[in-house]
Amino acid sequence: TSISLSPSIPSLSIALILCGWLPYFPNRFVRFRFRTYTKSKIAGGENPSIEEEKSGENTDLGWLPAFPHVLIASMSNFLFGYHIGVMNGPIVSVARELGFEGDSILEGLVVSIFIAGAFVGSLACGSLVDKLGCRRTFQIDTIPLILGAIISAQAHSLDEILLGRFLVGIGIGVNTVLVPIYISEVAPTKYRGSLGSLCQIGTCLGIITSLFLDIPSETDPHWWRTILYIASAPGLVLTLGMQFAVDSPRWLCKVGRLADAREVIRNLWGPSEVETAIKEFQSVIKADATSGGSALCALYLMDKEGRQKLLIGSYLGMAISMFIIASAISFPLDKELSHNISILGTLMYIFTFAIGAGPVTGLIIPELSSAKTRGKIMSLSFCIHWVCNFLVGLFFLDLVEIFGVASVYTGFGSFSLLAAIFSSYFIVETKGRSLEEIELSLTRKVTEK
């Protein structure tokens, strides 16, 4: 059974992805009010303070100082999304020109080889972050991203395009570990969830951009080289942008650069947060040195709404969506009705993924990790992520041929259901808590048990 989508469905899918951001993206990012400021001398410098507001309502702009830094980091997610979709359209032209047309395994390998590279990049990221900090790691990581894109665009053999895509994957693997760490450590506690959603937005925009740029490949057999050259541009933007971005204040404190850490906190979180944050950082660093590696989660902390509730709802929605599609395929009461139900299930899946599983998982993992092991835990998490992605991308068509579409979708739905159950019992709520507060509370809980 095959499902064909009408021309309007891609546009509707994109609209739903965009809508999927909104429940997680707070009103303070989209409302427009006017406020005036007076400047007061605080801690030897000038900082804005609110004096009056024309609207007469409180407008919270505490997220604004960190926003440019988070936005630059999210360019990495844009690249991730771009490389996910960039080869889907022109793969036939690539296979024809490079001499492997008709070989489904090789075509699948070219599309998904960057995921194998991402696995390698994920392994390397933890050590790089610990030694160099997030900002320098971002800049170094643009080397394989840019080089890989250029090699892919200039490829004249299968080996060359596989090498280029693999290099791109290494860069993507490092960045997908790095971005959540950076955002979680730079964003003020109150806005960490909101700013963290920019990761998902960057990924979705990258996918959308690649799909639009793929359109000319239907008529131009050499267009794939152009869109791969284009992939090098965001890497250059990321390199230059990170030159003006700040480093993580937690990492700065960890390596003994207290003056720099204080400056970053003062500029991004406000002068009143400086001493409190520094004390918390130092307490956690001291605890890490004596705790013997307890980043471990306390398994029974759960009851408040926030990240956990959003994850549970998202995974349940994804499971239901997959079961709807499987049912429509297995029990076709009416051809047109089954077709529409399958489309509904697909769009529902996109929507429910975008409001929870997409943005929250990349955010909550670094939140639940200790400062000492955050990079390594993120590396391990994304290694597993990339392995699963690679296997699905490589063998999906074979699985469909062996077991059928309905069975494969039922399997995906079952995994989503298990994820919802796991989130219900084993995810700790982190909403509104600083990273240091989370770590210290988990350490105490583990010690008590």
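The values are calculated or read from the model by the stated rules, or taken from the named source; none is laboratory data. Nothing here was measured: the structure is a model prediction, and the numbers come from that model. So basically every Cβ, Gly included, is an ideal-geometry build from the backbone, and we count neighbours across all protein chains shown. These accessible areas exclude ligands, DNA and RNA; they are computed on the full protein's heavy atoms, side chains included. Shrake-Rupley method; radii C 1.70, N 1.55, O 1.52, S 1.80 Å.
Listed here are the pairs Lys279/Lys309; Lys131/Lys376; Lys190/Lys279; Lys254/Lys309; Lys131/Lys279; which of them are more than 24 Å apart at the Cα? If you can, show how the numbers build up before the last one.
Numbers: Lys279/Lys309 31 Å; Lys131/Lys376 12 Å; Lys190/Lys279 19 Å; Lys254/Lys309 33 Å; Lys131/Lys279 22 Å.
Pairs exceeding 24 Å: Lys279/Lys309; Lys254/Lys309.
Calculate the dipole size of segment 134-193 relative to its Cα centre from +1 charges on Lys and Arg beta carbons and -1 charges on Asp and Glu beta carbons; express the result in debye to the nearest 20. It would help to have the intermediate numbers written out before the result.
Values: 5 positive and 4 negative charges, 79 e Å.
Charge dipole, segment 134-193, about its Cα centre: 380 debye, nearest 20.
Which value in Å is the Kirkwood Rh of segment 314-418 over different Cα pairs? Show your work: numbers first, answer last.
On the way: mean 1/r = 0.0652 Å⁻¹.
Over segment 314-418, the inverse of the mean reciprocal pair distance is 15.3 Å.
Can you send over the carbon and sulfur percentage of the accessible area for segment 306-372, probe radius 1.4 Å, protein chains only? Before the final figure, lay out the partial values.
Working: 1990 of 2750 Å².
Of the solvent-accessible surface of segment 306-372, carbon and sulfur hold 72 percent.
Mean separation of Cα pairs under 8 Å and 6+ residues apart, divided by the residue count of segment 137-278: what relative contact order is that in percent? Show your work: numbers first, answer last.
Numbers: 130 pairs, mean separation 39.2, N = 142.
Worked out over segment 137-278, it gives 28 percent.
Over segment 317-388, average the accessible area per residue using a 1.4 Å probe and give it in Å², no decimals. Mind showing how you got there, number by number?
Values: 3030 Å² over 72 residues.
The answer is 42 Å² per residue.
Could you work out how much longer the chain between Ala124 and Thr276 gets when fully extended? Use 0.36 nm per residue separation minus the Cα distance between them, nm to one decimal. Please list the in-between numbers first.
Details: separation 152, 0.36 × 152 = 54.72 nm, distance 3.26 nm.
Length difference between fully extended and current span is 51.5 nm.
Within segment 192-255, what whole-number % of the accessible surface is contributed by carbon and sulfur, with the 1.4 Å probe and all protein chains included in the calculation? The partial results should precede the final answer.
On the way: 1920 of 2570 Å².
Carbon and sulfur atoms account for 75 percent of the accessible area of segment 192-255.
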